[in-house]
4 protein chains.
Amino acid sequence: MKQLNVAIIGYGFMGRAHSNAYRKVNNFFDLAYQPVMKVASARQADQLDAFAANWGWQETDTDWRRVVERPDIDVVDICAPNNMHLEIASAAAAAGKIIACEKPLAMDAAEGQRLVDAVAASGKPNMVWFNYRRVPAIALAKQIVDEGRIGRVFHYRSRYLQDWTISADVPLGGNTLWRLDKSVSGSGVTGDLLAHSIDTAMWMIGPIASVAATTETFIKERELQDDPGKRVTVEIDDACAFLARFAGGAMATFESTRYARGRKNENYFEINGEKGSVAFNLENAHELGYFTHDDEGHLRGWRNIQVWDSDHPYMEHWWVPGCSIGYEHTFINALADFLGGLASGTKTCPDFADAQATQVVCDAVLQAADERRWVDL
Amino acid sequence: MKQLNVAIIGYGFMGRAHSNAYRKVNNFFDLAYQPVMKVASARQADQLDAFAANWGWQETDTDWRRVVERPDIDVVDICAPNNMHLEIASAAAAAGKIIACEKPLAMDAAEGQRLVDAVAASGKPNMVWFNYRRVPAIALAKQIVDEGRIGRVFHYRSRYLQDWTISADVPLGGNTLWRLDKSVSGSGVTGDLLAHSIDTAMWMIGPIASVAATTETFIKERELQDDPGKRVTVEIDDACAFLARFAGGAMATFESTRYARGRKNENYFEINGEKGSVAFNLENAHELGYFTHDDEGHLRGWRNIQVWDSDHPYMEHWWVPGCSIGYEHTFINALADFLGGLASGTKTCPDFADAQATQVVCDAVLQAADERRWVDL
Amino acid sequence: MKQLNVAIIGYGFMGRAHSNAYRKVNNFFDLAYQPVMKVASARQADQLDAFAANWGWQETDTDWRRVVERPDIDVVDICAPNNMHLEIASAAAAAGKIIACEKPLAMDAAEGQRLVDAVAASGKPNMVWFNYRRVPAIALAKQIVDEGRIGRVFHYRSRYLQDWTISADVPLGGNTLWRLDKSVSGSGVTGDLLAHSIDTAMWMIGPIASVAATTETFIKERELQDDPGKRVTVEIDDACAFLARFAGGAMATFESTRYARGRKNENYFEINGEKGSVAFNLENAHELGYFTHDDEGHLRGWRNIQVWDSDHPYMEHWWVPGCSIGYEHTFINALADFLGGLASGTKTCPDFADAQATQVVCDAVLQAADERRWVDL
Amino acid sequence: MKQLNVAIIGYGFMGRAHSNAYRKVNNFFDLAYQPVMKVASARQADQLDAFAANWGWQETDTDWRRVVERPDIDVVDICAPNNMHLEIASAAAAAGKIIACEKPLAMDAAEGQRLVDAVAASGKPNMVWFNYRRVPAIALAKQIVDEGRIGRVFHYRSRYLQDWTISADVPLGGNTLWRLDKSVSGSGVTGDLLAHSIDTAMWMIGPIASVAATTETFIKERELQDDPGKRVTVEIDDACAFLARFAGGAMATFESTRYARGRKNENYFEINGEKGSVAFNLENAHELGYFTHDDEGHLRGWRNIQVWDSDHPYMEHWWVPGCSIGYEHTFINALADFLGGLASGTKTCPDFADAQATQVVCDAVLQAADERRWVDL
């Protein structure tokens, strides 16, 4: 196995998820590359050290600029908040590094385009961690679509529902709640959750042609996490719903919120076509709904495919049929695909250009909501 | 249409269900016979009159003996409590009437055999109202089995769970709670609920060869409904579970109780065979689970067949695809089958002889529980 | 019981559903009024006669004008296609009749307003058959909302999905497929299915303030049912999706189609509020999902309320706990409410004015789709 | 952190699951002990070396006797087939090692008792890996029972259904199919699957007092995996069902099979008590069904608790609410409990004595099936 030195920037929730992936990927996948957990970087030294010690990063450095320029580093993995993606990824591209960047690609499409240009200039492999493509059931849905089992698509139906910001007492900003601070996150549910939904949708059935949207900020003011007495205006979209027309003719509804009481992580999509339908809900991630009109009339019904057999995507690498994997495995599967792509020389999707297509739709959605009109893409 | 004069004996819950069936069957089924709601009979005159007025029975008579001997009566429908089945059905058979009798057939197999002999002597059509055979999804399960889609059967799994007698304050006896009084009901859940389960099971996969069982009476004493101060010992089986081996080799578990908190009417069965499986739950009566190993490997999954398409059993007679029918329709479907059988001269199952086979198993189950041993049939 | 002479106009699917309701309502509800099935009217004499004979309508008349003017008629029930509602209901109002009209109220809001004015002038009771308000689980959802258990509403999510027009071989027009002929139906899924969704939504959480929409006609041309060789352009909306903002601030998505493979009658809605959520799917009509944040933290979860206990809306009139009712019972429940309202002198919702509010939203939705802009109400 | 040198014996499926646990436990749990993956032992050198290299075991040794006697080894983890548990565990106990042994404890209760005596003599901590106790939802069920929310227990209902041996072409024996060889496994589904069910049941509601059972071997003869031409008689129980009475009075049904078409890993149990019920299915391992009669009447319903909030057992150690864990995490949770117990000096359940209680029930079940009678414990 060839070793690949990795630098990770950021130690938050995604920093943990990626670290776990680096530690495990070679236990389960037979790969030409072995990632070496070389150096972790973030601003706060003590938390960084604890993070590195816990996960086995060999070194730490609070200066990410120095890290991305180290000649011994092969891969820069960006888990820093969204507002730092542009700067870090640009520097890493300039330094000729392979880049794996958390989603969304950037604060907006303008930034995203600069990053697409930067990696194009470097010519190095790059990936954006839209990890849900690596849920085996979602990969199976894609396979079913590609096998022609759905036929002409009439409808795409997507929602991503959570409920963790309903309380007005949830503060904003700081290390863990920067997703509520627009200056750091770029947007609310649109960039955080709908970006996943849009990435999945376009992967499944192609580009989006036009959108109409509405957004809302239900809680208008929150306390700062880092300055408890101080209250600030919330500027992100707490919720966003949009209609879309795909280039291929399908109609679509998308919705996302963090105010759907009782929905913890309902990342749902459904495709209805002439010959069949598929339906997926992340809250039952090991299952895929599939309906085919090809079944005999009196025996037709939605199939609940439990996606844990050895002939299902990714599953031969894991345990035995009937044994579930979980959230973290989507990152390990993604990493395995990325390392496989490095070895074979084929690009791993979604790369920066793919992620930029999603970013462009996100921008159009927010614009459509602001301007109360349909926006064509 | 030929008219068929019906006499109903009993006005309780089943009296209502049957009356509704007589009123509706010709609205939905194209039949050679039209039942005429001629006379209703029961002991308590005032309640009988109210019942007859509500449902449109033309006459009432508190003397069932007189009723069953009326020459203008073609069909005697027995909805009286179990301890009256023997006497009424014997008289009706002796009078040469067509008989439709509520289940269970009798208090025990000895009584049941006398009734089988009586109707054999009369040579007249007869039916026992095991209405669940007429749930479209159960009829579809039977069709799937008969089409050979299950193959060699390994397992049968049955339960019938309710929770309405958990409170020690529920009284016993009287008009509405005679099911808790062994002298009237013959047994508890075994005759009331397991009789359904056994009838379905043997209809699906054939005769039962041996059983081992256990029963329990959780609430040992209850107040009499008709004599509130007085407490009596409860003698019925509150719950019964048994193992069975079918003549065809399949293993089975059966269980029934009225003490399963949260289970209102869970009449469930599942068949596992070499080629496929079916599963049904009365609490979602319009659905049938079906799994076939014949599906392509990566697309296999339990199908949820919504049994409301026009090519499903009974459904062409009802509304349009996607519109559910309910509990009461099982009786109407059963009646339509019975009237159809009268017209065609073919017997309608289950008749007294079929119901007696179930009665024999019920007796064996109670004996096996009493004697703590396997009983062979 | 006071008798109420009913004239029914139309013998199609709704004619059957209403006839069944008239036949059954007094068997199950204790009411001051008893509807008498006096006369049925429709254009085709032979089919009308068969219909009347099957259901027990005493007389028939192919001239509906004569019927609505009969002095012995108390109630005119309109089941004729949508394009006849205006004329028939206007005449019935002018004749001073009580009116029960199928939904949608009219071809469009302009017609609807004329009808609202007409019944206002007559001062007689009137109702529009939005039967789904009488699904016990939907009535329970309303009760839960009214009990304050949801709190401030953030989201309303609605879809009504069917799949029966996917085949290009389905013809258009005639007796049974007039819903595909815009000149008869007024619109496609918007008036047929979304009208239900909108009625339910506004009943639950109040008026809609603005909408953005998109519609599609997937199959552009169909054969005429009554003129098999001839193909015509399909003008109805095969599918319609819209975003809405409620006056109370909630965001909403609505969608309806007849092209959702595998969805037979998925009339779904979900309400997410500060304190709790409810969710309903007509395909499991006896169930209501309910989530309350008031439950203890480690025990919180969506409850699956099986709406067949005696303390649930309407259910004390039916069988016993655990016994399901079906599609047809929504009409019987509606009729019982209407008859109850006649007796008590209180209006039964939705009346023509309520139905007109829905009609106005339907029109706005279609306009928003045509003009690709938000329409304020 | 104190280091704890571990020797693992066996490299099969459980060897992988345990290795993964050793690698990950300290990343997620804050523990006083850190396991060191010191040495792996098994008979076949090349496969052992590959296993050790893949997982990071520092050394290998094909002689397990030498391994368990190494003074630098603190913990012996036994993943070898069942027929080797007695010998290895006895030697490890004699050498004064801490022991973690896979389930079932032994080939039968006689062997199990010798092991209980051996660890009692050594006085060292010991654990048997009944990993399903560490499914968060099962731990939550136990918590609910212990909180008194179920009340007097009436019923326990358990099944463990798989379908992987239906094909007569599945061979027997060798490295991966020794579970079908009675001389290696001791029994079929009884020791492999029902042992889990029995362990869970007795943990939940106490000891079992008596059993009646039936077993079957559906495929009578199979080819040897290691000697393809040769066919041998299958001696294990392919399926086993039993009735049980608990010492506390509850009735129970248990069933297990590898012949339930479409059931991949349905490890189900349900408890019905006076006040409430719980239900669990390993195929949806992140969910727990809970019904409480304490809810208001019209709002009662089974709750689907998604067991991934931070106040649920084990979940604070993992990702964020709404992110699932999988099969492998049950072993990591178990290991964390075991290491925590070593630190605190409290025994971790189930230890050898607890596992022996399960073994005794397994033996009684097989005896009851053989002798066709109830066996009292």
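Output the residue which, of all residues in the stretch B:9-56 that are more than 12 Å from every other protein chain (Cβ to nearest Cβ) and aromatic (F, W, Y), is surrounded by the fewest Cβ atoms within 10 Å (Cβ to Cβ).
B:Y33
Within the stretch A:23-70, count every residue that is assigned to a loop (DSSP other than H, G, I, E, B) and among the aromatic types (F, W, Y).
Our first condition is that a residue be assigned to a loop (DSSP other than H, G, I, E, B); within the stretch A:23-70, this holds for A:29-32, A:42-44, A:56-58, A:62-63, A:69-70.
With among the aromatic types (F, W, Y) added as a condition, the list becomes A:29, A:57.
Total satisfying the criteria: 2.
Take the residues of the stretch C:216-265 that are in a loop (DSSP other than H, G, I, E, B), more than 10 Å from every other protein chain (Cβ to nearest Cβ) and among the small types (G, A, S): which is farthest from C:T358 (Cα to Cα)?
Only one residue tops the list, namely C:G248.
Could you give every pair whose Cβ atoms fall below 9 Å, whose first residue belongs to the stretch A:309-324 and is under 15 Å from A:F29 (Cα atoms) and more than 9 Å from every other protein chain (Cβ to nearest Cβ), and whose second residue is among the basic types (K, R) and buried (at least 20 other Cβ atoms within 10 Å of the Cβ), counting only separations of at least 6 or pairs across chains?
What qualifies is A:Y314/A:R134.
Just checking, does the stretch C:178-189 include any residue being assigned to a strand (DSSP E or B) and in the same structural domain as C:K275 (by TED's automatic domain parsing)?
no
For (1) within 30 Å of C:V76 (Cα to Cα); (2) modelled with pLDDT of 95 or more; (3) under 23 Å from the mean Cα position of the chain (by Cα), each residue gets a yes or a no:
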position	(1), (2), (3)
C:S277	no, yes, no
C:F280	no, yes, yes
C:F291	no, yes, no
C:G301	no, yes, no
C:T330	yes, yes, yes
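Are there any pairs with C-beta distances below 9 angstrom linking a residue in the stretch D:262-285 that is in contact (Cβ under 8 Å) with a residue 12 or more places away in the chain to a residue that is in a loop (DSSP other than H, G, I, E, B) and among the acidic types (D, E), with the two at least 6 apart or on different chains, and if so which?
D:G262/D:D163; D:R263/D:D163; D:K264/A:D309; D:K264/D:D163; D:N272/B:D163; D:K275/D:D294; D:G276/D:D294; D:S277/B:D163
Residue by residue through the stretch C:276-308, note down the ones that are buried (at least 18 other Cβ atoms within 10 Å of the Cβ) and charged (D, E, K, R).
C:E283, C:E287, C:R300, C:R303
Counting only residues that are in a loop (DSSP other than H, G, I, E, B) and away from every other protein chain (no Cβ under 12 Å), which one in the stretch D:345-377 is farthest from D:L243 (Cα to Cα)?
Per the stated criteria, the residue is D:G345.
Name the strands (runs of 3 or more DSSP E) wholly within the stretch C:93-170 that hold at least 3 residues that are away from chain A (no Cβ under 14 Å), among the hydrophobic types (A, V, I, L, M, F, W, C) and under 30 Å from C:P35 (Cβ atoms)?
C:98-102, C:126-129
Between a residue in the stretch B:118-141 that is over 22 Å from B:I98 (Cβ atoms) and in contact (Cβ under 8 Å) with a residue 12 or more places away in the chain and any residue that is in a loop (DSSP other than H, G, I, E, B) and of a type in the set (S, T, Y), which pairs come within a Cβ distance under 7 Å, given they are 6 or more apart or on different chains?
Partner pairs satisfying both residue conditions: B:P136/B:Y314; B:A139/B:Y314.
State which residue pairs qualify: first residue without any contact (Cβ under 8 Å) to a residue 24 or more places away in the chain and away from chain C (no Cβ under 11 Å) and inside the stretch A:288-301, second residue among the hydrophobic types (A, V, I, L, M, F, W, C) and surrounded by 21 or more Cβ atoms within 10 Å (Cβ to Cβ) in any location, beta carbons under 9 Å apart, and separation of 6 or more residues or different chains.
Every condition considered, the pairs that remain are A:H298/B:L140; A:H298/B:I144; A:H298/B:I305; A:H298/B:V307; A:L299/B:L140; A:L299/B:I144; A:L299/B:I305.
Considering each of C:G123, C:G191, C:G148 in turn, give the residue that is within 30 Å of A:C240 (Cα to Cα) and over 21 Å from the mean Cα position of the chain (by Cα).
C:G148
Collect the residues in the stretch D:266-285 that are within 12 Å of chain A (Cβ to nearest Cβ) and not acidic (D, E), keeping them in residue-number order.
Once the filter is applied, which keeps residues that are within 12 Å of chain A (Cβ to nearest Cβ) and not acidic (D, E), the stretch D:266-285 yields D:N267, D:N281, D:L282, D:N284, D:A285.
Determine which member of the set D:I305, D:I332 is touching a strand residue (DSSP E or B) at 6+ places or on another chain (Cβ under 7 Å) and either without any contact (Cβ under 8 Å) to a residue 40 or more places away in the chain or over 30 Å from B:F242 (Cα atoms) (or both).
Values: D:I332 fails: touching a strand residue (DSSP E or B) at 6+ places or on another chain (Cβ under 7 Å).
Only one candidate qualifies: D:I305.
When the stretch A:287-306 is examined, which residues are found to be within 23 Å of A:I325 (Cβ to Cβ) and small (G, A, S)?
Result: A:G289, single match.
Going by the structure shown, is C:G341 away from chain B (no Cβ under 12 Å), within 17 Å of C:V128 (Cα to Cα) and out of contact with any Asp or Glu (no Cβ under 6 Å at 6 or more places or on another chain)?
Taking the combined requirement at face value, the residue satisfies it.
The values are calculated or read from the model by the stated rules, or taken from the named source; none is laboratory data. What you see is a predicted model; the values in this text were computed from it and never measured. When we count neighbours, we look across all protein chains shown, and the Cβ atoms used for this are built from the backbone with ideal geometry, even at glycine.
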